[in-house]
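The values are calculated or read from the model by the stated rules, or taken from the named source; none is laboratory data. What you see is a predicted model; the values in this text were computed from it and never measured. Here Cβ is always computed from backbone atoms with ideal geometry, including for glycine, and neighbour counts include all displayed protein chains. To get the accessible areas, we keep the full protein, side chains included, count just its heavy atoms, and leave off ligands, DNA and RNA. Shrake-Rupley method; radii C 1.70, N 1.55, O 1.52, S 1.80 Å.
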Amino acid sequence: MDKKTEEFYERLKQELIDSTVWPAEYLFKFIVPSQPEKVTVIENAFNQMGAVIETNQSKTGKYTSVSINVRMESAQAVIDKYIEMSAIEGIISL
């Protein structure tokens, strides 16, 4: 991970710590190319966590948005999930 990315995650972690009482519900939002295997990888990463997952395809069908509402134990757990998801080619985290 490059220095800029590390700084981003540290800043996000601090904002989450300052603004949230953990454990808490957290809403992850991702956009991926509309390839079923990519959506499945995201869904599987949150499987067994009691997550509510919604997907929505873009008008052109080129991209799929994935919203995941899940109870997370800490700010670090949120950061860890973002890092895990960043391994998916073409993913955009919102």
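If you go through the stretch 1-19 and keep only what is open to solvent by 70 Å² or more (accessible area, probe 1.4 Å) and of a type in the set (K, R), you end up with K3, K4, R11.
Okay, residues lined up against (1) closer than 14 Å to P33 by Cα; (2) not in a loop (DSSP other than H, G, I, E, B):
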site: N56; (1), (2): yes, yes
site: S65; (1), (2): yes, yes
site: A77; (1), (2): no, yes
site: Y82; (1), (2): no, yes
site: E89; (1), (2): yes, no
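Of T55, T64, all but one fail to be out of contact with any Leu (no Cβ under 6 Å at 6 or more places or on another chain), surrounded by fewer than 16 Cβ atoms within 10 Å (Cβ to Cβ), in contact (Cβ under 8 Å) with a residue 12 or more places away in the chain and among the hydroxyl-bearing types (S, T, Y); the exception is T55. Has the stretch 20-38 got at least one residue that is touching a residue at least 40 places away in the same chain (Cβ under 8 Å), surrounded by 12 or more Cβ atoms within 10 Å (Cβ to Cβ), part of a loop (DSSP other than H, G, I, E, B) and more than 14 Å from the chain's Cα centre (by Cα)? The answer is yes; a qualifying residue exists. Just to be sure, is F8 aromatic (F, W, Y) and either in a loop (DSSP other than H, G, I, E, B) or farther than 22 Å from R71 by Cβ (or both)? Criteria met by F8.
Checked against the criteria, I42 does not count as open to solvent by 20 Å² or more (accessible area, probe 1.4 Å), farther than 22 Å from E10 by Cα and among the aliphatic types (A, V, I, L, M).
In the stretch 67-78, of all residues being among the small types (G, A, S) and out of contact with any Asp or Glu (no Cβ under 7 Å at 6 or more places or on another chain), the one that is least open to solvent (accessible area, probe 1.4 Å) corresponds to A75.
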